[in-house]
1. Which is at the interface with chain B (Cβ under 7 Å from one of its Cβ atoms) and in contact with a Lys or Arg (Cβ under 9 Å, 6 or more places away or on another chain), of A:Gly131, A:Gly127?
2. Identify, from the list B:Ser184, B:Ser160, B:Ser179, the residue that is outside the structural domain of B:Leu54 (by TED's automatic domain parsing), more than 30 Å from A:Phe85 (Cα to Cα) and assigned to a helix (DSSP H, G or I).
3. Take B:Thr98 and tell me if it is more than 7 Å from chain A (Cβ to nearest Cβ), at pLDDT 95 or above and surrounded by fewer than 23 Cβ atoms within 10 Å (Cβ to Cβ).
4. Scanning segment A:61-70 for residues that are more than 18 Å from the chain's Cα centre (by Cα) and of a type in the set (A, V, I, L, M, F, W, C), which turns out nearest to the other protein chains (Cβ to nearest Cβ)?
5. Return the only residue of B:Val115, B:Val170 being assigned by TED's automatic domain parsing to the domain that holds B:Gly41, over 25 Å from B:Ile36 (Cβ atoms) and surrounded by 15 or more Cβ atoms within 10 Å (Cβ to Cβ).
Amino acid sequence: MSRDRHPLFMPLILVGGLIFGFGLGFSQMARPEVVLNFLQFEDFGLLFVMFGAAIVSGVAFALMPRLRDSAPLTGDRYERRLKPFDRNVLIGGAIFGVGWGLSGICPGAAYASLGVGNVSILWALAGMFVGAYLQGVWRSKRAAADAAPAGAD
Amino acid sequence: MVADPVALQLTAELFPNGISRYAVGGLLVGLGAVVIYVGTGIPAGASTFLESTLSYVSGQSRFQQYVPSRDWRVVFTLGIILGALAFAATVQSGVITTSLYEPGTTGELYEVGGVTLWSTDVQPWRLLLGGVFVGIGTRIGKGCTSGHGVCGVGSASKTSIVGVATFLTVAIVTAQVVSALGVSP
C-alpha cells in the first residue's frame, strides 16, 4: 500500500517505540505525579531523563552524518532536527507549558502512561486530540483565507 | 576522604528518589530514538501522532501533510504503549528486580492477572484540560518533549532549545501556581 518501504521499516519503528516506551516507564516520567513533583521543585531527577535522552540522541545526530550518507531502510540523508524559528515556537511552547504544568503529562509520556496501566490518562489523551483538532481547524481556515483573496468565494 | 555531609544532605533534598532510575530511563528513551534515527534517518517526535492520526477521520487541510507518515506513527505509538506495558509486566511487577528501580509512593498500584499496573491520583479535570493545552501548544510550537526536548536539543537546534526553555519555564510557573492555589493532586 505505502510506497516501496523496506520490509524492516515498520519492525524497526516498533522496536524503537518499545525501547522508548520501556524507558519512559522505567524513568517514571509516565507518572504525572513525578513530573509535577519536578515542576514544583520537590524532585529534580527528571532532568536526568530529558538530558540523558538528549545526550544519547545527540551522539547519534553528530556521528551518523559522518559515518554514512543515508539511512539503510529509507535511503534518506541523515540530518539534524532543525526547525525554523518563529513566534509560533514561543506561543505554542507557552500554551504547551500551561498544559504540561496543569496535568503533568506530555504526549509521549501519555502513551507510555496508558501502557503502565494508567487508564485515567485517557482523559489527557482525549484532551490532546481535541486540542490538536482545534488548532488544525483554525489553521486550515486561516490557510484557506490566505490563499483566497477577499471577495473570491 | 569523608564525603561532605552538607553536600550529601543537599543531594538527598534535590533528589529524594536518587537519580539512577531517571538516568537509566532517559538513556533508554534516547536509545529508542537513536534506533529509529539510525535505521531510517527520522528524528521521531511523539506529538505529530495526534495530527497524523486525525487525518484518518478529518478532511481538514492542515492534517493532510501527515498522511504519508500516519501509518508508521501509529506503529511508533503502539510501540511506546507496549514498551511501557512490558516495563509494567517485568520491573513494576517484580518479575525482574533491580536496585535501579524503586516503586515510589505516587499514585496507586493495582493488579490484573498477575501484572502490577499503576494509576494516577491526579484529578481528571486537570488531565483533560491540560491535555487540550498540550494538544494545541505542541502542534503550534512545532514539537513536544521528545521532538524538541530529545531530538531537537540532541541536534543542538536553537529553535528547540528556545522551545524547551519556553515550555519548561511556563510549566514550572503553572505547576507552582496550581499547587499554591491548593489543588492537589
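The values are calculated or read from the model by the stated rules, or taken from the named source; none is laboratory data. This structure is a prediction, so every number in the text was calculated from the model and none was measured. Cβ sites come from the backbone with ideal geometry, for glycine too, and all protein chains shown count toward neighbours.
1. Details: A:Gly127 fails: in contact with a Lys or Arg (Cβ under 9 Å, 6 or more places away or on another chain).
Testing whether each residue is at the interface with chain B (Cβ under 7 Å from one of its Cβ atoms) and in contact with a Lys or Arg (Cβ under 9 Å, 6 or more places away or on another chain) leaves just A:Gly131.
2. Working: B:Ser184 fails: assigned to a helix (DSSP H, G or I); B:Ser160 fails: more than 30 Å from A:Phe85 (Cα to Cα).
After ruling out the rest, the residue left standing is B:Ser179.
3. Numbers: more than 7 Å from chain A (Cβ to nearest Cβ): yes; at pLDDT 95 or above: no; surrounded by fewer than 23 Cβ atoms within 10 Å (Cβ to Cβ): yes.
In short, no.
4. At the first step, the residues of segment A:61-70 found to be more than 18 Å from the chain's Cα centre (by Cα) are A:62-70.
When the remaining residues are screened for being of a type in the set (A, V, I, L, M, F, W, C), the result is A:62-64, A:67.
Values: A:Ala62: 8, A:Leu63: 9, A:Met64: 6, A:Leu67: 9 Å.
Among residues in segment A:61-70 that are more than 18 Å from the chain's Cα centre (by Cα) and of a type in the set (A, V, I, L, M, F, W, C), the one nearest to the other protein chains (Cβ to nearest Cβ) is A:Met64.
5. On the way: B:Val170 fails: assigned by TED's automatic domain parsing to the domain that holds B:Gly41.
After applying the criteria, what remains is B:Val115.
This table checks each residue for (1) facing chain B (nearest Cβ under 7 Å); (2) among the hydrophobic types (A, V, I, L, M, F, W, C); (3) in contact (Cβ under 8 Å) with a residue 60 or more places away in the chain; (4) part of a helix (DSSP H, G or I).
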| residue | (1), (2), (3), (4) |
| --- | --- |
| A:Gly23 | yes, no, no, yes |
| A:Phe26 | yes, yes, no, yes |
| A:Phe44 | yes, yes, no, no |
| A:Gly58 | yes, no, no, yes |
| A:Gly75 | no, no, no, no |
